[in-house]
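Participant: I am attaching a structure below and will ask some questions about it afterwards.
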Amino acid sequence: MACTLATKVGDGRNEGLGNDISIIDIDLEPLKDLYASFDNKAHDSFKTLVMDYVLNSGERAWVRHVRHAERYEKLNLKLQSLLEQSNQEPPINEPPRSPLIEAIEQKPYKKTRKSHAYKATEPELKRVAGELCVRCRKNKAGYIDNLICSGCLQKYYKDGVFHTGSIKKIVQETCLE
């Protein structure tokens, strides 16, 4: 069983559409149990028990509140005025700007940076798998960008050179010149 309680806020005058009414929904189901277990020890009368339940401990929810209704009406009016204003001044469709032009334009507050292009000092060696080793010229090269064979790689490992970049540098300096 639920009870809907409406209270009138303001000076008591009816102002047209009833904008000054607040409505609260209170669940009255637990009052049956309170009535069954009522003894005059905690409260003077059952009426004071009901008022304590309604005002303090009962489950209640606002269905409508005056402040929310006023705010809703104000926002609706503002939205209507914004819509009317936007309908009077439709947006101007500008042609899209070219990204090339935007890239060229400089911003006056920014300092332009110098661009340094990457300069390769040596051409990259690209060898096809299956060619002969450049160090011993006997076996097929399959290691370190297809430059050396497995036997030559083991010799570098025995000499203490383990990094592939270092091995490649040594091979390029000694065997390719």
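Participant: What is the distance, in nm, between label points placed 7 Å from the Cα along the Cα-to-Cβ direction at V63 and at K41?
Facilitator: About 3.7 nm, to one decimal.
Participant: Using a 1.4 Å probe and ignoring any ligands, DNA or RNA, find the accessible area of D25 and quote it in Å² to the nearest 10.
Facilitator: 60 Å²
Participant: How high is the FRET efficiency from Q172 to Y109, r the C-beta distance, R0 41 Å, rounded to 0.05?
Facilitator: Efficiency at R0 = 41 Å is approximately 0.30.
Participant: So between K155 and Q80, what do we pick up on full extension, going 0.36 nm a residue minus the alpha carbon distance?
Facilitator: 18.5 nm
Participant: Still on this structure, I have one more. So, in nm, how far is label R127 from label E73 when the simple model puts each one 7 Å beyond its Cα toward the Cβ?
Facilitator: 9.0 nm
Participant: Give me the accessible area of D145, 1.4 Å probe, in Å² rounded to the nearest 10.
Facilitator: 80 Å²
The values are calculated or read from the model by the stated rules, or taken from the named source; none is laboratory data. It should be emphasised that the depicted structure is a prediction, and the values quoted were computed from it without experimental measurement. A quick note on method: Cβ atoms are made from the backbone with ideal geometry, for glycine too, and the neighbour counts reach across all protein chains shown. Ligands, DNA and RNA are excluded from the accessible area calculation, which covers all protein heavy atoms including side chains. Shrake-Rupley method; radii C 1.70, N 1.55, O 1.52, S 1.80 Å.
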